[in-house]
Amino acid sequence: MYVWRSLTDEQQSQILSNRRKHLRPWHSPPHFENEGIQCFHLSAACYEHLPIMGTAPSRMEEFESSLVEVLSSEGCALHAWCVLPNHWHALVRLDDLKATLVQIGRLHGRTSFIWNGEEGLRGRKCWHRCVDRRIRSDRHFYVARNYIHHNPVKHGYVGKWEDWPFSSVGDFIAETGREAVLKHWREYPVLDMGDGRDD
C-alpha cells in the first residue's frame, strides 16, 4: 500500500500533477456529498498501518465502544464493524456523510491525544484519514459485511470470525443464525475485495 516512497521524484510529481489537474486532494481520496440516506463502507488506518491502537486490548475495547457510539448516533444505522490493531471498518447507513466524518475526525483526534499522552509521544501522527465507499447494491452490501467480519481472519489474527472480540460478528451470528450466515458467506464471497487497500 505504501508505494509512494518507492516512486521516483518524477513519478511522484506526475501523480501530484494529475491530481491537481482533476481537482483532487493531493494525498487523499475525495469525500463525495451524499443526498438522502445512503449506506457506506467506512474505514481508517493508523498512520503507516502501525499497530498504535493494538498496544493493549483495553485500548481496542475503548476505541470500539467509542466508534460504535459515534456510528450509532442520530441519523446513523450501524450494520457491521470490526476494529483491528492498526485499522477499522464499518458498514453504516446514514443521512449526512459529512457530519459523520467530522465526528470520526473528532474521535481520531481525542484518541490520538490520549494515546500519545500515555506513550509520551506528543505530536505523533496516529491516524491517516477515513475512507468512504458508497454501497451501490444489495449484493455490494452483503459482500462488504462479509469482508468486514472476515477481516481478522484475513489478517491472520484468528482462525474463525467469532474468535475476534472487537467486531459485530457475535451479534450478527446470534441475530441471523449460523446457517444463514454460512449461506450468505457462500452467496456473497469477498473474493479480492480489499486487496491492496488495507494490507
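Throughout, read-outs are computed from the coordinates displayed, never taken from laboratory work. This one's a predicted model, so the numbers in the text were calculated from it and none came from an experiment. For neighbour counting, all protein chains shown are included, and Cβ atoms are generated from backbone atoms with ideal geometry for every residue, glycine included.
Karplus-based coupling profile of the range 53-60, in residue order and whole Hz: 6, x, 5, 7, x, 5, 5, 5, with θ = phi - 60° in 6.51 cos²θ - 1.76 cosθ + 1.60 and x standing for Gly or Pro.
Other residues whose C-beta falls under 12 angstrom from the C-beta of Phe63 contribute a net charge of -2, scoring Lys and Arg +1 and Asp and Glu -1. In the range 34-187, the alpha-carbon atoms span a convex hull of 109 Å³ per residue. Using a cutoff of 8 angstrom between alpha carbon atoms and counting only pairs six or more residues apart, the relative contact order for the range 78-199 works out to 29 percent. Each residue in Thr100, Thr176 was given a count of other beta-carbon atoms within 10 angstrom of its own, and listing them fewest first yields Thr176, Thr100.
Each residue in His41, His108 was given a count of other beta-carbon atoms within 10 angstrom of its own, and listing them fewest first yields His108, His41.
Beyond a 31 Å Cα-Cα separation, which of these cross-linked pairs lie in this structure: Lys125/Lys183; Lys98/Lys160; Lys125/Lys154? With Cα atoms farther than 31 Å apart: Lys125/Lys183; Lys98/Lys160. Highest mean first, the peptides 70-78, 82-90 sorted by other C-beta atoms within 10 Å per residue fall in the order 82-90, 70-78.
Answer with one residue from Asn146, Phe113, Trp161: the one whose Cα lies farthest towards the positive end of the charge dipole of the range 37-163, charges on Cβ with Lys, Arg +1 and Asp, Glu -1. Of the options given, the answer is Asn146.
Legend: ranking of residues Trp164, Trp185 from fewest to most surrounding C-beta atoms inside 10 Å; resulting order Trp185, Trp164.
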